[in-house]
1. Under 8 Å by Cβ, and 6 or more places apart or on different chains, what pairs join a residue from region 40-54 that is assigned to a strand (DSSP E or B) with one that is among the acidic types (Asp, Glu)?
2. Please name all residue pairs, on different chains or six or more residues apart, with Cβ atoms under 9 Å, provided the first residue is in region 309-330 and is open to solvent by 20 Å² or more (accessible area, probe 1.4 Å) and the second residue is part of a loop (DSSP other than H, G, I, E, B) and more than 16 Å from the ligand (Cβ to nearest atom).
3. Quick one: Gly143 ticks every box in (1) open to solvent by 50 Å² or more (accessible area, probe 1.4 Å); (2) touching a residue at least 40 places away in the same chain (Cβ under 8 Å); (3) closer than 17 Å to Asp101 by Cβ bar one, so which box is it?
4. Just give me the residues in region 101-118 being touching a residue at least 40 places away in the same chain (Cβ under 8 Å) and either more than 19 Å from Leu63 (Cβ to Cβ) or buried (at least 19 other Cβ atoms within 10 Å of the Cβ) (or both), in sequence order.
5. Just for region 160-192: of the residues that are farther than 20 Å from Ile126 by Cβ and among the small types (Gly, Ala, Ser), which one is surrounded by the fewest Cβ atoms within 10 Å (Cβ to Cβ)?
6. For region 288-330, give me each residue that is of a type in the set (S, T, N, Q) and either at positive phi or outside any strand (DSSP E or B) (or both).
7. Taking the criterion of being part of a loop (DSSP other than H, G, I, E, B), under 20 Å from Gly54 (Cα atoms), more than 16 Å from the ligand (Cβ to nearest atom) and modelled with pLDDT under 95, would at least one residue in region 207-226 satisfy it?
8. What pairs can you find where one residue is in region 1-30 and farther than 22 Å from Ile177 by Cβ, the other is basic (Lys, Arg) and assigned to a loop (DSSP other than H, G, I, E, B), and their Cβ atoms are less than 6 Å apart, with a gap of 6+ or different chains?
Amino acid sequence: MSAFLELTNVKTHFPVERGVIFKKRVGVVKAVDGVNLSLRQGEILGLVGESGCGKSTLGRTILQLIPASEGTVVLAGKNLSALKGRPLRAARSDFQMIFQDPYATLNPRMTVYDTLAEAIRTHKTITESAMPEAVSRLMQKVGLAPRFIKKYPHEFSGGQRQRIAIARALAVEPKLIVADEPVSALDVSIQAQIINLLYKLSRELGLTLIFISHDLSVVKHISDRIAVMYLGRIVELGEAAEVFERPLHPYTKALVSAVHLPDPVKERARQRIILPGDPPSPMNPPSGCTFHPRCPYAIDACKGAAPQFDSLDGGKHSATCIRLKELNPA
Ligand code: SF4
């Protein structure tokens, strides 16, 4: 069965220029550097990595908010990378983005009704008399009481505003949603509610969801699979429980070691792996395995060719490390 969303060798590079009048290219930032990924319909993928690893750029590239420098993004058989102008605008209802700060994306002068009605109108023809009912249904779907229909964004809490943003995304009945750090600006008590809502909607509507977060613990319970990004590339991909219980890549091991454990006994025994230094600049990435300057297991061979995905279980859970089998004995 072919994938619902297929990324093939996706690269997003940004030229770096100097000079005011005579601009001169002095380098290239390789924000996303050769990502291959397949998602099935209705799948929830957690995309994690440190800030600056390229996960948000990848999300925006998938949704054609930033054009890919190379490679293709195919959604439900349609090559989105080849679309421009009107065909791209027409395809946009198939995919939506939810941002970290809903307040910045909601018009402060528009009520919930106006915001959602505007989104519904862009997608389908509906009479104005039927609109209040359609808006109320949408609000109920995201857990907002229809009595708030005439309220403005500033009258809501952060969690409620994120619910409005989710409702607006759902108004066009998308097939794919990319949620970029959708809970990181919210109180911890509210985070779980929004995560549960996204999970429920994905399962009920068969929505494919890419949930981007810098925090592995946030994506742990919602994701079917987790992809770990480092310096523009995916370094580990596997089922969520597998990635948590048996991380393969030394970088993922460090991320997992930073996650607090609910069991106090296990939490006391947890040994955090502290990586030396900061991630290198994506303008000048290290040779070979780009993680080698920070990897506690690096050997000279790691500086050679970039490692390809390798697996211990026939490909379901894989990572890019030339010492994969040696570092993860059966
Ligand atoms: Fe570490 Fe080498 Fe594996 Fe990269 S390839 S993760 S540097 S051991």
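1. Ile44/Asp224; Leu45/Asp224; Val48/Asp215
2. Between residues of region 309-330 that are open to solvent by 20 Å² or more (accessible area, probe 1.4 Å) and residues that are part of a loop (DSSP other than H, G, I, E, B) and more than 16 Å from the ligand (Cβ to nearest atom), the close pairs are Phe309/Gly315; Leu312/Ala330.
3. The one condition Gly143 does not meet is (3).
4. Pro102, Tyr103, Leu106, Asn107, Pro108, Arg109, Met110, Thr111, Val112, Thr115, Leu116
5. Among them, the one singled out is Ser189.
6. Those that are of a type in the set (S, T, N, Q) and either at positive phi or outside any strand (DSSP E or B) (or both): Thr290, Gln308, Thr320, Asn328.
7. Here is the first cut: in region 207-226, the residues part of a loop (DSSP other than H, G, I, E, B) are 207, 214-215, 221-224.
If we keep only those that are under 20 Å from Gly54 (Cα atoms) too, we end up with 214-215, 223.
Filter once more, so that each one left must be more than 16 Å from the ligand (Cβ to nearest atom): 214-215, 223.
Checking the rest, the ones that are also modelled with pLDDT under 95 come to 214-215.
Yes, region 207-226 has at least one match.
8. Glu17/Lys23
The values are calculated or read from the model by the stated rules, or taken from the named source; none is laboratory data. All of these numbers come straight from a predicted model, not from anything done at the bench. All Cβ positions, glycine included, derive from the backbone under ideal geometry; neighbour counts span all protein chains shown. Quick note on the areas: whole protein, heavy atoms, side chains included, nothing else; ligands and nucleic acids left out. Shrake-Rupley method; radii C 1.70, N 1.55, O 1.52, S 1.80 Å.
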